[in-house]
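Heads up, the thing below is written out as structure tokens.
Just so you know, all these numbers are worked out from the coordinates, no wet-lab data involved. Remember, predicted model here, so these are calculated numbers, not experimental data. Cβ placement follows ideal geometry from the backbone for every residue including glycine, while neighbour counts extend to all protein chains displayed.
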Amino acid sequence: MLVTTRSRAAKLGAFVAGAALLLSACGGGGGGNSAVQTGQAFADCDQNPNSCNSAQADQLQQGGDVTFAIEKNIPNWNVTSAEGNVFETGMVTKGILPYTFYSTPDLKPVLNKDFVESADVTSTNPQVVVYKINPKAVWDDGTPFNADDFVYNWKVQNGKDCPDCAAASTSGYDQVSKVEGSDNGKTVTVTFSKPFTDWRQLWSSSGAMYPAHLAKAHGDINTPAGLASSYKWFGDTVPTWSGGPWKISKFVNNQSVTEVPNDKYWGAKPKLSSVIFRVITDATQEPTALQNNEVQVIYPQPQVDLVNQVKNMPNVSSFIGLGLTWEHYDFNLKNQFLAQKPLRQALFTAINRKDIIAKTVGQFTNKVQPLENHNFMPQQAGYKDVVSSTGQGSGDIEKAKKILTDAGYKINGTQLVDPSGKNVAPMRIRYTVGNQIRQDECELFAQAAKQLGVTVNVQSTDDLGDTTTTGDYDIIVFAWVASPFPFAGAVQNWVTGQGSNYGKYSNKQVDDLIGEANAETDQTKAADLLNQADQIMSDDAYVLPLYQKPTFIASSDKIANIRNNSTLDAPVYNMAEWGIRK
């Protein structure tokens with residue numbers, strides 16, 4: 001997902017998002033005490049990310065309301081679509097959509113046994129996955145979950161059955177050859193045309209599932225036009241239905257979404273009476289709302305002043321975590337000068353990532369280090385340093401100048417001249433309006449570029465999703481919010497022609513290696529193939545990873561079982577377990 005100030009890979013924007021990623025932007029369980037020392041609810045979260053701030057059911061009140069601040073309105077309710085694939089939409093729909101797997105705070109995928117009792121690979125040639133649906137699972141109108149739901153959500157995301165369904169990502173769904181039901185629709189057999197390494201991503205919480213029986217009422221789901229009609233209906237219509245522990249009881253446009261327990265839910269019932277998602281588009285106002293008890297939870301992109309303001313609040317705990325969200329600079333290769341690799345390499349070599357961290361996120365946390373991979377985070381198996389050997393991010397100005405002069409460039413005073421004799425024209429670097437850290441990152445980029453004779457002008461955008469998808473930038477800084485499925489994410493971000501490959505990078509060798517990785521059932525071999533592709537891409541200097549972007553949660557000490565989750569699933573991954581301490 002794409003993250004702007006906070007979004008999902010098409011538009012999840014302080015993050016950028018998609019089905020595997022959002023553009024930016026578990027199990028709680030355990031023992032725990034019913035009371036916590038003020039400000040210490042998250043004290044154990046670094047060591048025990050899945051169980052910190054926990055309390056048992058008998059330590060919680062029955063009922064109570066929690067208000068959670070979100071930074072964007074919900075204009076589209078179909079989180080599997082490119083337009084609706086936004087971080088906030090993902091959070092708001094998490095409690096109403098069924099899904100096969102979800103991500104816990106330790107960044108691992110976990111089977112959602114409330115929905116499917118099992119999901120097993122029964123064959124590798126061809127690859128076959130068999131899902132057993134929980135026999136108790138029903139939509140809130142009493143319609144049982146069955147294979148039709150899997151089939152419908154496959155058709156609208158595979159890129160073939162519904163060409164006009166603009167899915168956030170087709171990755172994996174386009175490798176499925178058939179989806180079949182048996183056992184009264186409770187057993188679902190999925191056969192792949194070629195193996196899909198990240199098969200657990202399919203029908204998971206990074207996209208989730210919409211009800212086939214309601215789709216049928218809004219279009220013939222056996223025709224492309226009918227599928228597109230129903231897909232659009234899910235985006236346009238506030239859900240009055242539910243397939244999870246919560247249901248939406250009220251939506252006030254640009255203000256709030258209220259959710260109450262779904263009384264038809266077959267699993268453990270929520271303790272709370274309601275969760276209200278309140279829209280606060282100005283993140284600087286969130287601490288005030290928290291202090292005034294207008295909201296009890298905030299999850300903003302951390303800024304220095306905001307973090308320091310919250311730390312001083314009584315009866316409020318906060319936590320900074322690192323996960324699957326990462327900050328980066330991107331080049332637009334449609335720019336005639338940036339189409340030349342030596343200039344890209346030189347600009348990235350001039351960038352000093354350690355200095356950038358020290359002057360931005362390093363002011364409120366000491367956890368952040370330069371990130372050396374485009375697909376894996378340091379906490380994940382497969383992480384390998386493929387960046388530092390290139391010299392990019394080192395801040396070595398002399399090396400950067402040598403890259404240019406060796407390639408035939410000349411620096412005439414403050415003007416870089418390319419090998420053909422053209423002055424390298426001024427460029428624009430863009431960031432999300434109102435994000436001081438990103439503005440600082442852009443200014444630091446411009447300062448480094450100036451030493452190479454390149455003028456870079458800093459310009460904000462109030463619509464990160466539109467800016468990236470239209471290519472209205474030369475250089476841009478944003479973050480991806482990822483799922484724990486790096487192979488599918490690599491297809492979405494780096495392969496030629498993919499929707500989230502905003503800067504139009506294309507390298508056939510990279511495409512082939514990512515394709516091999518995505519079809520390799522041995523995870524170790526798949527990671528090696530992906531890192532081979534990444535080494536080539538790092539040398540090509542298309543995207544420079546900066547760091548794992550810190551996530552910041554702050555909440556009232558009265559709330560138990562809420563905790564940070566630096567993945568697409570966010571802190572709402574276990575909403576049904578939240579409660580007010582007695």
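Net charge near Q380: determine it from the other residues with C-beta under 11 Å of the C-beta of Q380, scoring Lys and Arg +1 and Asp and Glu -1. Could you put the intermediate results ahead of the total?
Details: positive: K108, K384; negative: D106.
Value of the local net charge: +1.
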message: Please rank E441, E117, E327, fewest neighbouring Cβ atoms within 10 Å first, as an exposure proxy.
response: E117, E441, E327
query: Where nothing but the Cβ of Lys and Arg (+1) and of Asp and Glu (-1) is charged, how large is the charge dipole of segment 325-548 around its Cα centre, in debye to the nearest 20?
result: 680 debye
query: Given that just one value was derived from the coordinates, which of (1) 38.9; (2) 24.3; (3) 35.2 is mean projected area of the Cα convex hull in nm²?
result: (2)
- prompt: Under a point-charge model restricted to the Cβ atoms of Lys and Arg (+1) and Asp and Glu (-1), what is the dipole moment magnitude of segment 172-274 relative to its Cα centre, in debye to the nearest 20?
  reply: 260 debye
field: From phi via Karplus (6.51, -1.76, 1.60), per-residue ³J(HN,Hα) for segment 311-325 in Hz, x at Gly/Pro
entry: 4, 8, 7, x, 6, 10, 10, 9, 8, 10, x, 10, x, 9, 9
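Sort the following peptides by mean Cβ neighbour count (other Cβ atoms within 10 Å, averaged over residues), highest first: 566-577, 179-190.
Working: 566-577: 26.0, 179-190: 17.4.
Ranking, from highest mean packing down: 566-577, 179-190.
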- request: May I ask which residue of T468, T496, Q392 lies farthest towards the positive end of the charge dipole of segment 325-548, with charges of +1 (Lys, Arg) and -1 (Asp, Glu) on Cβ and the Cα centre as origin?
  value: Q392
field: Span per principal axis, largest first, for the Cα atoms of segment 101-234 (Å)
entry: 36, 34, 33
message: Under 18 Å between alpha carbons, and skipping anything fewer than 8 positions from K72 in its own chain: which lysines qualify?
response: K11, K94, K250
statement: Karplus-derived 3J(HN,Hα) from phi for segment 565-582 (6.51 cos²θ - 1.76 cosθ + 1.60, θ = phi - 60°), whole Hz, x at Gly and Pro, runs 8, 7, 9, 4, 6, 6, x, 7, 4, 10, 3, 5, 8, 4, x, 8, 5, 5
message: Using amide H atoms built in the peptide plane, which far-off residues or other-chain residues are under 5 Å from S249 H to H?
response: T258, E259, V260
Estimated D of segment 69-144 in µm² per second, where Rh is the Kirkwood radius over Cα pairs and Stokes-Einstein applies at 10 °C, 1.306 mPa s: 107 µm²/s
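Students often get this wrong, so check it: of K132/K194; K334/K508; K113/K525, which have C-alpha atoms separated by over 24 Å? All intermediate terms of the calculation are to be shown ahead of the outcome.
Details: K132/K194 22 Å; K334/K508 18 Å; K113/K525 29 Å.
Among K132/K194; K334/K508; K113/K525, the Cα-Cα distance tops 24 Å for K113/K525.
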- prompt: Packing-wise, with mean Cβ within 10 Å as the measure, how do 554-565, 216-227, 43-54, 293-304 rank, highest first?
  reply: 554-565, 293-304, 43-54, 216-227
query: Using every alpha carbon pair in segment 325-548, what percent of pairs falls into each 10 Å bin from 0 up to the bin containing the largest distance?
result: 8, 34, 37, 18, 3, 0
query: Whole-Hz Karplus ³J(HN,Hα) for segment 472-484, in order, using 6.51 cos²θ - 1.76 cosθ + 1.60 and θ = phi - 60°, x for Gly and Pro?
result: 8, 6, 9, 9, 8, 10, 7, 10, 9, 9, 10, 9, x
query: Which order do W199, W480 fall in if you start with the one that has the fewest other Cβ atoms within 10 Å?
result: W199, W480
query: Where in segment 491-549 are there trypsin sites (Lys or Arg not before Pro) that are in a DSSP coil and have at most 11 other Cβ atoms within 10 angstrom of their Cβ?
result: none
message: Whole angstrom only: what separates the Cα centroid of segment 377-406 from the Cα centroid of segment 450-469?
response: 22 Å
- prompt: In whole Å, what is the distance between the alpha-carbon centres of segment 203-279 and segment 145-182?
  reply: 18 Å
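Within 13 Å, Cβ to Cβ, of Q415, how many net charges do the neighbouring residues add up to if Lys/Arg are +1 and Asp/Glu are -1?
Working: positive: K410, K422, K450; negative: D418.
For residues surrounding Q415, the net value is +2.
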task: Would you mind working out the magnitude of the charge dipole of the chain relative to its Cα centre, with +1 at each Lys and Arg C-beta and -1 at each Asp and Glu C-beta, to the nearest 20 Debye?
output: 400 debye
field: Positive dipole terminus of the chain, leading residue within I70, G207, F364 (C-beta point charges)
entry: F364
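Tally Lys and Arg at +1 and Asp and Glu at -1 over the other residues with C-beta under 15 Å from the C-beta of D120: what net charge comes out?
On the way: positive: K113, K132, K186, R200; negative: E117, D183.
In short, +2.
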message: If each DSSP helix of 4+ residues adds -39,500 (n - 2.57) and the sum is divided by the residues in the chain, what number results at 222 nm, nearest 500 deg cm²/dmol?
response: -6500 deg cm²/dmol
message: Which one, G90, Q47, Y102, projects farthest toward the positive side of the charge dipole computed for segment 37-165 from Cβ point charges (K/R +1, D/E -1)?
response: Y102
